[in-house]
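Some notes on the structure that comes next.
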Amino acid sequence: MRILLIEDDTTLGAAVRDQIAADGQSVDWVTRLDAASDAMAATSYDLILLDLMLPDGRGIRFLKVLRTRGDVTPVIILTALDQVSDRIEGLNAGADDYLVKPFDLSELSARIGSVARRYSGNPNPILTHGPLDIDLAARSVHRDGRHVPLTAREWALFEAFLARPGQLLSKAQLEEKLYAFDAEVESNTIEVHVSRLRKKLGSAIIETERGMGYRLGRP
């Protein structure tokens, strides 16, 4: 996924950024709401992590504006405001989840996965695709009953295909999902990861439309 993190606490922001990156996801981190608006104008995000108290305004107001203009990007609020009234206000404003600081980073990863699955239309974390048994929550794959270890980046790429079965994804789209704005990406990076997934999961797991992109193979 491509995730936008809006958080002005540099210590927490760095920890969250590193956690998301370790999960194999792409994250762009900004510390102000105006920078967040600029980032959203430049690219499409799969999920937003939103602090409520920011140097140039309140996250609640930002969220309400998003929802008013019809933006349905999933939003998880990250805040120190822990009163029940604060949670109600955040959820009523259109947040999909609400996490109070301090929180465990592994819990954040689980909540990101849960929200992403709901938006993909399949909240069930257990999938079967041909000979593959896939646990989205545990981030694990078994092929014919045997565990197949995937790197964080390989998992993120595989998950991108699982979220869009049958949809053709271009190389540029996949790079956007896997890498942040400032990341240096080799020209053949996607091809390398696709090749590794095919070796581990089966040659037919990802189909190639030459010159156009890739899609998840039929079960």
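The values are calculated or read from the model by the stated rules, or taken from the named source; none is laboratory data. Because the structure is a prediction, the values reported are computed rather than measured. Counting neighbours? That spans all protein chains shown, and the Cβs are built from the backbone with ideal geometry, glycine included. We work out accessible area using only protein heavy atoms, side chains counted, and drop any ligands, DNA or RNA first. Shrake-Rupley method; radii C 1.70, N 1.55, O 1.52, S 1.80 Å.
At a glance:
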read-out	value
Relative contact order %, segment 87-219, counting alpha carbon pairs below 8 Å whose residues are six or more apart	18 percent
Angle in degrees between helix 10-22 and the longest Cα principal axis of the chain, rounded to the nearest 10	20 degrees
Label-point separation, Val192 to Lys101 (7 Å along Cα→Cβ), nm	3.6 nm
Kirkwood Rh, angstrom, segment 48-115 [1 / mean 1/r, Cα pairs]	12.1 Å
Residue-count net charge about Ala138 - beta-carbon cut-off 13 Å; Lys, Arg +1, Asp, Glu -1	-2
Cut-off 14 Å, label 7 Å out along Cα→Cβ of Thr73, residues of segment 23-49 by amide N	26-49
Stretch gain in nm, segment Arg146-Glu207, where the contour uses 0.36 nm per residue and the Cα spacing is subtracted	19.7 nm
Helix 105-120 vs. the chain, principal-axis angle (Cα, 0 to 90°, nearest 10)	70 degrees
Whole-angstrom Cα spans of segment 1-130 along principal axes, big to small	50, 33, 30
Accessible surface of segment 1-94 [probe 1.4 Å, protein heavy atoms]: carbon and sulfur percent	52 percent
Value at 222 nm in deg cm²/dmol, rounded to 500, when DSSP H runs of n ≥ 4 in the chain each add -39,500 (n - 2.57)	-12500 deg cm²/dmol
Environment charge at Gly202 (Cβ cut-off 10 Å; Lys +1, Arg +1, Asp -1, Glu -1)	+3
Average Cα contact separation per residue, segment 31-124, under 8 Å, 6 or more apart, as relative contact order %	24 percent
Segment 125-219: Rg to Rh, with Rh as the Kirkwood radius over Cα pairs	0.95
DSSP bridge orientation in the chain - percent antiparallel, rounded to nearest 5	55 percent
Degrees separating the helix 59-68 axis from the principal Cα axis of the chain, which is the longest one	60 degrees
Solvent exposure of the chain as accessible area per residue, Å², 1.4 Å probe	50 Å²
